[in-house]
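For reference, the structure discussed in these notes is given below.
The values are calculated or read from the model by the stated rules, or taken from the named source; none is laboratory data. Note that the coordinates shown come from a computational prediction; the quantities given were computed from them, not determined experimentally. FYI the Cβ positions are ideal-geometry reconstructions off the backbone, even for glycines, and counts take in every protein chain you see.
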Amino acid sequence: MGIVQGKRALVVGVANDKSLAWQIAQTLAKEGAEVALTYQGEVLEKRVRPLAAQIDATVIGELDVTNDAQIESVFAALKEKWGGLDLLVHAVAFAERENLRDRFLTVSRENFARSMEISAYSLVALARAAEPLMEACGGGSIITLTYLGAVRAIPNYNMMGVAKAALEACVRYLSIDLGAKNIRVNALSAGPARTLSSSAIRDFHTMTHQVEERSPLRRGMKPEEVGTMAAAVLSDFSSGVTGQTIYVDVGFNIMGF
Ligand code: NAD
Ligand code: IMJ
């Protein structure tokens, strides 16, 4: 018996085998859940399909989170397939490259809005679409992924830091609305991990080296540790936990020096 045995999970944000969403999807499958994946556009579909096959997951459809029609059709397909939904994983973020490099104050109105839409509003849109399906199974659990740059000023994280601050606030307000339906909403704040989203970052190596040197556990975070914590927070073992930002960062965030 796995810790999420028989639960039905939608995982949004798998791009390749390095994605944190893929770590989560694999752990959920191993722990007994049925998993559905989405993909952002045709290019990523080619990467997601073979991964889905590895864990017997269903590729439920294309999902660009800025596209309301795609959100609607993915949840319609889930309703058709399962009649309900227990778990939702949101692992989506975007800022223009220049807004993770140049001075923060140069961000345009348009880029600011787009980054907030994709990285924060999308959780609200997906939670709203999931609500009736989760209500049909007597409740559910939703997680999103965030980063320390939401609450501390981390060089270059810039626009994403602002979007993650909004995302963490969305988690708190969604948890009030959905708590009445026994749906929990939490964020996992992960340490630096090598993925498509971090590969282009200057000084990434220095960043991970600092974590290895200074964190209480004196090592870097293993990507699998995001998968296992996600399964724990999605499972009924955490039935008393909602609205939280939980750090999966080998303790780095507690350090004052
Ligand atoms: P990743 O590049 O594998 O995943 C990012 C995902 O966002 C991709 O699957 C991409 O398709 C998706 N995405 C972007 N715009 C989208 C849109 N408009 N519609 C649908 N999907 C869209 O990188 P990752 O590091 O696994 O990122 C997953 C999450 O983890 C992000 O929220 C990121 O901020 C967060 N996170 C990453 C790290 C890290 O160091 N890698 C640390 C903490 C938190
Ligand atoms: C991203 C930028 C700057 C510093 C950073 C990061 N540090 C870490 C990240 C220290 C760990 C990775 N991270 C936590 C993210 O949330 C990344 C989000 C992201 C990355 C890209 C790169 C490519 C692109 N747009 C992006 N949008 C969001 O074009």
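Observations on the model:
- Selection from the range 183-196 of residues that are more than 19 Å from Tyr121 (Cα to Cα) and either more than 12 Å from ligand 1 (Cβ to nearest atom) or crowded, with 16+ Cβ neighbours inside 10 Å (or both): Ala190, Gly191, Pro192, Ala193, Thr195
- Selection status of Ser189, modelled with pLDDT under 95 and within 11 Å of ligand 2 (Cβ to nearest atom): no
- Selected residue (only one of Ser73, Ser108, Ser119 is in contact (Cβ under 8 Å) with a residue 24 or more places away in the chain, farther than 26 Å from Phe237 by Cα and either among the hydroxyl-bearing types (Ser, Thr, Tyr) or touching an Asp or Glu at 6+ places or on another chain (Cβ under 7 Å) (or both)): Ser119
- Test result for Ala163, on the phi < 0 side of the Ramachandran plot, crowded, with 23+ Cβ neighbours inside 10 Å, under 15 Å from the mean Cα position of the chain (by Cα) and within 16 Å of ligand 2 (Cβ to nearest atom): yes
- Restricted to the range 237-257, and to residues there that are out of contact with any strand residue (DSSP E or B) (no Cβ under 7 Å at 6 or more places or on another chain) and surrounded by 14 or more Cβ atoms within 10 Å (Cβ to Cβ), the residue that is nearest to Gln23 (Cα to Cα) is Val250.
- Given (1) over 15 Å from the mean Cα position of the chain (by Cα); (2) within 10 Å of ligand 2 (Cβ to nearest atom); (3) hydroxyl-bearing (Ser, Thr, Tyr), index of the condition Ser198 fails: (1)
- Residue pairs meeting the criteria (Cβ under 7 Å; at least 6 apart or on separate chains; first among the β-branched types (Val, Ile, Thr), in the range 174-194; second in a strand (DSSP E or B)): Ile183/Gly140; Ile183/Ile142; Val185/Ile142
- Total residues in the range 29-54 satisfying the condition of being part of a helix (DSSP H, G or I) and either out of contact with any Gly (no Cβ under 8 Å at 6 or more places or on another chain) or among the acidic types (Asp, Glu) (or both): the figure is 15.
- When Ala180 is tested against the conditions (1) surrounded by fewer than 15 Cβ atoms within 10 Å (Cβ to Cβ); (2) farther than 30 Å from Asp236 by Cβ, the lone failure is (2).
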